[in-house]
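FYI, it's all coordinate maths here, none of it is from the lab. Just so you know, these numbers come straight off a predicted model, no measurement behind them. Don't worry about glycine lacking a Cβ; one is built from the backbone with ideal geometry, like all the others, and counts go over all protein chains shown.
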Amino acid sequence: MSKLASGAYLFDSEFKSFPVSSDKPLSERAAAKGLLYGTACRRHNLCSDLNYARAIARECSILVPEWELKWAASYPPLRPTPDTFNFTLADSMADFAQTYRMQFRGHTLLWHLSLPSWFAETVTAQNAEGYLIKHIKTVVKRYAGRIHSWDVVNEAVELKDGRIDGLRKSPWLDLLGPDYIDLAFRVASAADPKALLVYNDYGLDYDTPEADKKRQAILNLLESLKARGTPIHAFGLQGHLGGRSGLSSDRLRNFLSQIASLGLKILVTELDVVGPKLPLPNNLYDRLIAITYEDYLNVVLDEPAVIAVLTWGLSDRYTWLSEFAPRKDGSPVRPLPLDANMNRKLAWNAIARAFDNAPNRM
Ligand code: XIL
């Protein structure tokens, strides 16, 4: 907070002061095919690093806050107390997106991994429905008319939890039962009838028995939501890739086309690639990552229901993978389209080429 107030960061007015060059950025290549390209980012990086902000404005046509719309991931958090909301950070990101004519998307209204410390001692089976409704109504209404899409429910499937329906044993499930998912979509739809409402999940990309089971569980979930008239419009394929072999082109294709046949759109919401585990020189390491991007996007973009691709970060300078999946030899991870100095890498070329080769959806 003090950092924000102290002037250590660039302020929103300065976002407006730089020109955006347009030497065929990813956003334009995507747009030529009727697609959106964008990234997740954290507000403090956007505000403190002009080169980064500039790169985002240049390359992206859609932006999603990595932390600021979760209940409790940023500082200050969106939900500081049971009765209050703090929209300062998310509002400023929405303004940034608007200034640079980017769409703005929301991530995420319900996620078991982003619950404030007050949640467990405050929310009970008796009042949980009220908390869910108040949160979704308040947050969705705030951005109504300014939001492209909302990840209404994130990662609600976990087969290891052993339920027949495949649902994760999350606090929301414990408190409200499986209907919490339908309720969340209905409340979001009432609060903003125009937003594209998305169910978002991971672990669906590879040719493994676990991925097979998870794909099936998700199809079952989406089918049952559609069958009961839940206002769900799209599926979010996170796409955190392992950079290993075993990409399941046929199964992935088939999965995406089954989702499309339910009448749902598809967004690739969190694409990035964990590099190979072996220590490798950067040119080889980068090449393997780039190939992973291109192979994946070639499969995914063949599905006409796919309308957007977002990477989970734009530059290697800021990526959750440096903590979540560091390299064993201690050298920096390089999972994103731009390197740490905002230069385009092989991964950028791979994504650009995949957009250039994608079928036109217009
Ligand atoms: C991650 C962020 O990138 C991290 O900085 C944070 O600490 C944890 O969450 N799936 C999701 C995202 O849906 O919200 C996660 O983001 C990455 C995995």
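Only residues that are under 16 Å from residue 271 (Cα atoms) and among the charged types (D, E, K, R) were counted in the stretch 318-338, giving 1. Of the residues making up the stretch 323-333, not one is crowded, with 17+ Cβ neighbours inside 10 Å and within 19 Å of residue 44 (Cα to Cα).
Reported count of residues in the stretch 221-252, each being under 30 Å from residue 193 (Cα atoms) and loosely packed, with under 15 Cβ neighbours inside 10 Å, is 6. Evaluation of residue 93 against the conditions (1) away from the ligand (no atom under 16 Å from the Cβ); (2) buried (at least 20 other Cβ atoms within 10 Å of the Cβ) shows that the sole unmet condition is (1). Restrict the check to the stretch 269-281 and report whether at least one residue is over 21 Å from the mean Cα position of the chain (by Cα) and either surrounded by 15 or more Cβ atoms within 10 Å (Cβ to Cβ) or closer than 25 Å to residue 108 by Cα (or both). Checked against the condition, which is being over 21 Å from the mean Cα position of the chain (by Cα) and either surrounded by 15 or more Cβ atoms within 10 Å (Cβ to Cβ) or closer than 25 Å to residue 108 by Cα (or both), the stretch 269-281 yields at least one hit. When residue 260 is tested against (1) over 28 Å from residue 196 (Cα atoms); (2) away from the ligand (no atom under 16 Å from the Cβ), exactly one condition is not met: (1).
Within the set 149, 92, the sole residue that is of a type in the set (Gly, Ala, Ser) and touching a Cys at 6+ places or on another chain (Cβ under 9 Å) turns out to be 92. Annotation note: Cβ proximity below 7 Å between a residue of the stretch 35-46 that is among the β-branched types (Val, Ile, Thr) and a residue that is part of a strand (DSSP E or B) and away from the ligand (no atom under 12 Å from the Cβ) (sequence gap 6+ or interchain) occurs for 39/63. Restricted to the stretch 35-78, and to residues there that are of a type in the set (Val, Ile, Thr) and under 16 Å from residue 316 (Cα atoms), the residue that is farthest from the ligand (Cβ to nearest atom) is 56. Name the residue, out of 146, 163, that is more than 14 Å from the ligand (Cβ to nearest atom), farther than 30 Å from residue 203 by Cβ, surrounded by fewer than 19 Cβ atoms within 10 Å (Cβ to Cβ) and over 15 Å from the mean Cα position of the chain (by Cα). Of the residues listed, the single one that is more than 14 Å from the ligand (Cβ to nearest atom), farther than 30 Å from residue 203 by Cβ, surrounded by fewer than 19 Cβ atoms within 10 Å (Cβ to Cβ) and over 15 Å from the mean Cα position of the chain (by Cα) is 146.
For the stretch 188-220, a residue qualifies if it is among the acidic types (Asp, Glu), farther than 13 Å from residue 159 by Cα and surrounded by 15 or more Cβ atoms within 10 Å (Cβ to Cβ), and the qualifying residues are 192, 205. Just so you know, in the stretch 79-112 the residues that are in contact with a Phe, Trp or Tyr (Cβ under 7 Å, 6 or more places away or on another chain) and of a type in the set (Ser, Thr, Tyr) include one that is farthest from residue 313 (Cα to Cα), and it is 81. Among residues of the stretch 307-347 being under 16 Å from the mean Cα position of the chain (by Cα) and part of a strand (DSSP E or B), the one that is farthest from the ligand (Cβ to nearest atom) is 307. Of all residues assigned to the stretch 103-116, at least one qualifies as being under 17 Å from the mean Cα position of the chain (by Cα), within 20 Å of residue 200 (Cβ to Cβ), surrounded by fewer than 22 Cβ atoms within 10 Å (Cβ to Cβ) and away from the ligand (no atom under 15 Å from the Cβ). Among residues of the stretch 50-75 that are without any contact (Cβ under 8 Å) to a residue 40 or more places away in the chain and more than 21 Å from residue 340 (Cα to Cα), those with a beta-carbon under 9 Å from a residue that is within 15 Å of the ligand (Cβ to nearest atom) and part of a helix (DSSP H, G or I) at least six positions away or on a different chain give the pairs 68/43; 68/89; 68/90; 68/93; 74/43; 74/44; 74/89; 74/90.
The set of residues in the stretch 108-161 being under 29 Å from residue 38 (Cα atoms) and hydroxyl-bearing (Ser, Thr, Tyr) consists of 108, 114, 138, 143, 149.
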